[in-house]
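Below: the structure, in structure tokens.
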Amino acid sequence: MSFENFAKKISRSLSDVKDAPFVKEVCKACSNMYRLGWDERNGGNISYLLEEKEVEKYLDTEGCLREIPMGFKANILAGKYFLVTGTGKYFKNVEEDPANNLGIIKIAADGETAKLLWGWEDGGRFTSELPAHLMSHMSRLSADPENRVIMHSHPTNILAMTFVHDLDEREFTRSLWRMITECMVVFPDGVGVLPWMLCGNNEIGEATAEKMKEFRLVVWANHGIYGAGKTMDEAFGLIETVEKAAELYLKTAHLPRVNTITDEQLKIIADGFHLKAKEGWLDL
Ligand code: 13P
Ligand code: ZN
């Protein structure tokens, strides 16, 4: 440790990280997601890119409780800090016990090791979906340098829709856009869709990250959804809106369609809000 860091360390009294706004935000998100039925058991995971200046108010950023190999390279994230949910941890329990259910990691200089700064006190580790999360962070940061949150969950209606709807992402998105006027406002950039794949590995991580170059929302057929955002609210709001639209789709799919939102009307919405619908996805 440099003299400067040592001096900083002894001159500073660190606040309890459990009181940090970013920890509280993740706790609240997990509770809301659980209550909405999106995250049964340990289903779902969140990763939150933190600023060094936020972390150093609470933790020794040069410290390391444990080193955990990640099994993939995330070189451009070296030195970055993430608050991440733990693997096997129940979302319903996060708020009452963040120190066992969450962790704060710093990506080591090698880009393939996570240094644990806080959390997983029972010996736990980061979500098995860390590849999809960190690879998606890399994609989203290249599209939007302000992106900070990747959120994965298993919302009931989105999942159900992937069993009965064509998985072509243009068609899938168009069905969602037509369900609520606000959908075009919330996700004019559309929803990417991946076919069923085995989860928790680098392959699905790479496929998700490829979609995340283009989309802030990626559906995993027969599994769930990923949302990305500058804030927790943005990622949450994207998933929440798709889930509501999917519910409406399922409630009406078997009934005669008497009214709909036409492509002309979808264009009027986009124009009215000065947004651009994904190129070529409206039939006009
Ligand atoms: P983790 O418990 O490893 O976060 O996995 C949950 C999940 O949703 C897998 O896709
Ligand atoms: Zn999952």
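Things to note:
- Going from the residue with the fewest nearby Cβ atoms within 10 Å to the one with the most, Ile76, Ile269 rank Ile76, Ile269.
- Sequence ranges 16-23, 101-108, 173-180, ranked by mean other-Cβ count within 10 angstrom, highest first: 101-108, 173-180, 16-23
- In order along region 53-62, the phi-based Karplus estimate (6.51 cos²θ - 1.76 cosθ + 1.60, θ = phi - 60°) of 3J(HN,Hα) comes to 5, 6, 5, 6, 6, 10, 9, 6, 6, 8 Hz; Gly and Pro are listed as x.
- Global geometry of region 146-199, whether rounded, prolate or oblate, following the gyration tensor of its Cα atoms and the 1.5 cut on a/c: oblate
- Reachable lysines from Lys278, criterion Cα separation under 16 angstrom, eight or more residues apart if same chain: Lys211, Lys213, Lys267
- The relative contact order of region 1-129, computed from alpha carbon pairs under 8 Å that lie at least 6 residues apart in sequence, is 27 percent.
- The relative contact order of the chain, computed from alpha carbon pairs under 8 Å that lie at least 6 residues apart in sequence, is 18 percent.
- About its Cα centre, the dipole of the chain is roughly 240 debye, where the only charges are +1 on Lys and Arg Cβ and -1 on Asp and Glu Cβ.
- Anchor Lys24: lysines whose Cα lies under 24 Å away (excluding residues fewer than 8 positions away in-chain): Lys53, Lys57, Lys80, Lys89, Lys92, Lys106, Lys115, Lys230
- Percent RCO, i.e. relative contact order, over region 178-244, from Cα pairs under 8 Å lying at least 6 residues apart: 30 percent
- Overall shape: prolate for region 1-159, with the ratio a/c of the largest to smallest alpha carbon gyration tensor axis at 1.5 or above and a/b above b/c.
- For Val219, the residues 5 or more places off, or on other chains, whose built amide H falls under 5 Å of its own are Gly192, Val193, Leu194, Tyr226.
- Summarising the label geometry, the points placed 7 Å from Cα in the beta-carbon direction at Ala99 and Gln265 lie 5.5 nm from one another.
Values quoted throughout were computed directly from the atomic coordinates according to the rules given, and no laboratory measurement underlies them. The structure displayed is predicted, hence computed values, not measured ones. Here the Cβ is made from the backbone with ideal geometry for all residues, glycine too, and neighbour counts use every protein chain on show.
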